[in-house]
Structure formats: C-alpha cells, structure tokens
Amino acid sequence: MTITALGIDFGTSGARAIALNAKGEILASTRRTLAQPDNPQEWAATLWELIQEIPLKVRQQIQRIAIDGTSATVLLCNPDGDPISPALLYNDDRAQESLKVLAGIAPANHLVLSATSSLVKLLWLWEHYPTAGGYFLHQADWLAFLLHGQLGISDWHNALKLGYDPAAETYPDWFYHPILAPLQPLLPKVVAPGTVIGTPTRIAQSLGLSSECQICAGTTDSIAAFLASGAHHVGDAVTSLGSTLVLKLLSNRPVQDRAAGIYSHRLGDLWLVGGASNCGAAILGQFFTPTELEHLSRHINPQQPTGLDYYPLLRRGERFPVNDPHLEPRLEPRPAEPHLFLQGLLESLSRIEQQGYQRLQTLGASPLQRVWTAGGGAHNPAWLAIRQQFLGVPVAISPQTEAAYGAALLACGSTNSLQNRQQSYPFTSGC
Ligand code: ADP
C-alpha cells in the first residue's frame, strides 16, 4: 500500500487521531479528552478539532480515514442525522426491562443478552424515542457519517453486539419476531470494516481534507487496539494485562462459548477469538503500590518457580477460562517475603492466561504461535519471562497499543478485499 491514512479513535476517556504515511510511520498525532463522553455534540466538535489539529500539509495528503468507537455506544438520529435520543454509553445498563423482553426472543446466552448490548439499547430507545424514518447508529457509524454524509451504515465489529451475524453476513432470522420486526427499518446496513463508504462532505472538505479522500467503515476501539499491536498472522494473539486479563487470538475458525463470554469477530476470512477473565492486574494494586511492584519485581527469579497456585479473583465468580459463578478467590498460603507473594500472583495470573489460550484452542481456535502484550502489566520484565515459560511461545510487548494507529492501518488496507486473504491479516509493516 502506498497511501497516507488517518485513524481516529473515540475511546472511553478521550479521542485521538494518528496520521500514518505509506511506511506506517506516524506523521502527526493529536489527542483530546472528552468532558461529556455521552454528548454527541461534543463528539462532533472533537472530531473537527482533531482533524484541524493535524498539520495542513499532512491533512491535505490524507487518502483514507477510518474511525473506531467504544463498542455498544449508540444513539438514534433523524433522517438528517441529528440525534433524537441521548447517546447510551458502552456501559449504560438502564435497559433492564428491554433485556427481559429480548430474553424471550434471542437464543440462550446470546451476546445480545446483556443489559449493555446494542440490541437491548435499541429496544429501549425505540420505546422511549419512537421515530419514523430514523436510524440507529453506533458512535463510530455516526462520526463517520459526519465525514461522508451517508446514514444507516455500520461494520461487522460494531454490529456484533447488535446481533448481526458476520459469518452469514445478515441479521439472524429471529429478528423477524413481531417485537423486533418494527425495528428493522432502523437497522444499519453492515459492511466489512475498512470498506470505502464515500468521500468527504462539503463541511469535511472545509476542514482541509481532499475531495478525493475516502472515508471507510470503522471498527470498535478494542479491535483497533488489536490491529495496532503488530499481531497479523494466524496464531498471533494479544494479551491485555490491564485491570482484567483479556485474550484475543487470530484464528482460521470462529469459536464461541456464549456462557463463558467467548465470541469471535470477523477479520476478512479470519476470526479474532476472545475471552476475558475476571482476574487481572487489578489484584496487584490491592497488595502493592506501583513503586513496590517495580521494586519487588526486580527481586523475582523467574527460573525458580514458587509452586504457589492462587486463583487471584477480586471477588467470587469467574467466566473464563472456567465458567463458574461460585468460584472463590484463592490467595493462600502467603509467603513471608513480599517478592515471593508477588511472584506467586504473577505465576497464577500467567497460569490463567495459559489456560485461557488452551480453552480457546480446545474449542477449535487455531494453535497459539506468539503473544503480544498490552496494558499496564506489559512492561514488567519478570512477568514477561514467567509468561513465556507458561505459554511456551514467544511473548513480546506490543510496539503500538494506540487504537487510532490500528484504525489508520484499517483504513490503509481497505482496498484489499479482506475476504480473499486466506492465511494472514494484511497488515505487516504499516501500510
Ligand atoms: P485498565 O485500563 O484495564 O484499567 P491498565 O492497562 O491501565 O488497566 O493497567 C493497570 C494495571 O496495571 C493495574 O491493575 C496495575 O496493577 C498494573 N500494573 C502497573 N504497573 C505494573 C507493574 N510494574 N507490574 C505489573 N502490573 C502493573
């Protein structure tokens, strides 16, 4: 690829734009915090500001743009694209009654059966903001509309929690249920992430974007972060060592275990299989300050395992790799030396990570080949060495973790038909 691309990320705490050149080098980068993350007017103003803060020379060169947003942040808008409902954020769970209604319609344990899913939110919005001729859009869909002017378009990734089936490339049959049927006109048409949708509107051009720039279908913030990581072959995985442990493995096949929260996002002909444990680095903060974590980690000898076998949950209940809502935290015995206690915790989290990848492969995902690492725990060398031993494959720190970088890579790849890629996802070294 030989193009300049702009990736724009709307995440949980702020928004960022990154422009990449043909070699995948960062030409410009801007960032804004969102004072009111649920205010679409602020999203729009932030989008314009992010673009205008890219130096004019770079802005004029941009040939493709893709936007990612937080998954299941949604709104209703009228036929002009003006919001007619509040934006419901990714973690908004007010739609409990709608969830009960949907539980009688969708298959058991389906991804949409959560109070925060896009489909449950659509049911709630329809009840409270009835509209004729309107559109239900995700954050990324609506922001892209501001640039290309076309309403009613979403992508495989954002639409997964709306119930869209990316393998069959259609909404499932149960959408014809009498309660859901009236919502059909509101549903977006769904295309592959990165598909070119159109060129900039006049307003977008007035920001200095070329009239020939192509605006692409977007993705979600977590998939954009995966794309940024450097993972691109079948068997590549990204572990996020944040508050919780989140695993994503690039596979030839989709797998799912709805009860365990395991599901697959489509990436061209490949599948991004994911699961999240309730355990994670948050437990470390219960026992150690950041300084202690750094200091004690230096005293850990990864070659001398402690033999400690904890299950370091913050509270009762686990979903993945074992689905057991009654599983109790296990944090005993506790050695007198704090660095050994920390080592025991890191080993136990590494064991859970290893069991997680094992579980995904047992369900049919492609074999694990190498693991990139993101999140606050990624830069702990002792943990990296321990994980390497448990996983038995190369483990590295992700060179890039910015979702905006991943969105720019998605924009770069959009002329290639991702569906025709068999063995690897097309992003190797930037564009
Ligand atoms: P999130 O975005 O999920 O809240 P982050 O990716 O910001 O999490 O990572 C925060 C986590 O990183 C904290 O739970 C903290 O315990 C962990 N962390 C920070 N420093 C270290 C370290 N040196 N070693 C291991 N874990 C660490």
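The values are calculated or read from the model by the stated rules, or taken from the named source; none is laboratory data. No experiment lies behind these values; they were computed from the predicted model shown. Here the Cβ positions follow ideal geometry from the backbone for every residue, glycine too, while neighbour counts run over all protein chains shown.
Among the residues making up the range 360-377, those that are touching a helix residue (DSSP H, G or I) at 6+ places or on another chain (Cβ under 8 Å) and either within 11 Å of the ligand (Cβ to nearest atom) or over 20 Å from S297 (Cβ atoms) (or both) are P367, L368, T373, A374, G377. Checking the stated criteria, S429 turns out to be farther than 22 Å from W271 by Cβ and modelled with pLDDT under 95. The set of residues in the range 194-217 that are farther than 18 Å from Q400 by Cβ and either in the same structural domain as L249 (by TED's automatic domain parsing) or surrounded by 21 or more Cβ atoms within 10 Å (Cβ to Cβ) (or both) comprises I197, P200, A204, L209, C213, Q214, I215, C216, A217. Taken together, T46, T12, T30 contain a single residue that is touching a helix residue (DSSP H, G or I) at 6+ places or on another chain (Cβ under 6 Å), assigned by TED's automatic domain parsing to the domain that holds A411 and touching a residue at least 12 places away in the same chain (Cβ under 8 Å), which is T30. Only one of I67, I18, I51, I8 is surrounded by 20 or more Cβ atoms within 10 Å (Cβ to Cβ), touching an Asp or Glu at 6+ places or on another chain (Cβ under 7 Å) and at pLDDT 95 or above. Can you tell me which? From the options I67, I18, I51, I8, the qualifying one is I18. Listed by position, the strands (runs of 3 or more DSSP E) enclosed by the range 131-207 that each have at least 3 residues that are over 22 Å from A17 (Cβ atoms) and at pLDDT 95 or above are 189-191. Filtering the range 277-290 to residues that are more than 9 Å from the ligand (Cβ to nearest atom) and surrounded by fewer than 19 Cβ atoms within 10 Å (Cβ to Cβ) leaves F287, T289. Of all the criteria given as (1) within 16 Å of the ligand (Cβ to nearest atom); (2) modelled with pLDDT under 95, the one not satisfied by L346 is (2). Does P83 satisfy the condition of being surrounded by fewer than 16 Cβ atoms within 10 Å (Cβ to Cβ) and out of contact with any His (no Cβ under 9 Å at 6 or more places or on another chain)? No, not satisfied.
Consider the range 291-319 and keep the residues that are hydrophobic (A, V, I, L, M, F, W, C) and within 16 Å of the ligand (Cβ to nearest atom). The one that is surrounded by the fewest Cβ atoms within 10 Å (Cβ to Cβ) is L314. Scan the range 242-254 residue by residue and report those that are within 15 Å of the ligand (Cβ to nearest atom) and surrounded by 24 or more Cβ atoms within 10 Å (Cβ to Cβ). The answer is L245, L247, K248.
Could you tell me whether the range 78-86 includes any residue that is in contact with a Phe, Trp or Tyr (Cβ under 9 Å, 6 or more places away or on another chain), in contact (Cβ under 8 Å) with a residue 60 or more places away in the chain, within 14 Å of A140 (Cα to Cα) and not hydroxyl-bearing (S, T, Y)? Checked against the condition, which is being in contact with a Phe, Trp or Tyr (Cβ under 9 Å, 6 or more places away or on another chain), in contact (Cβ under 8 Å) with a residue 60 or more places away in the chain, within 14 Å of A140 (Cα to Cα) and not hydroxyl-bearing (S, T, Y), the range 78-86 yields at least one hit.
Exactly one residue out of T195, T239, T199 is in contact (Cβ under 8 Å) with a residue 24 or more places away in the chain and within 16 Å of the ligand (Cβ to nearest atom), and it is T239.
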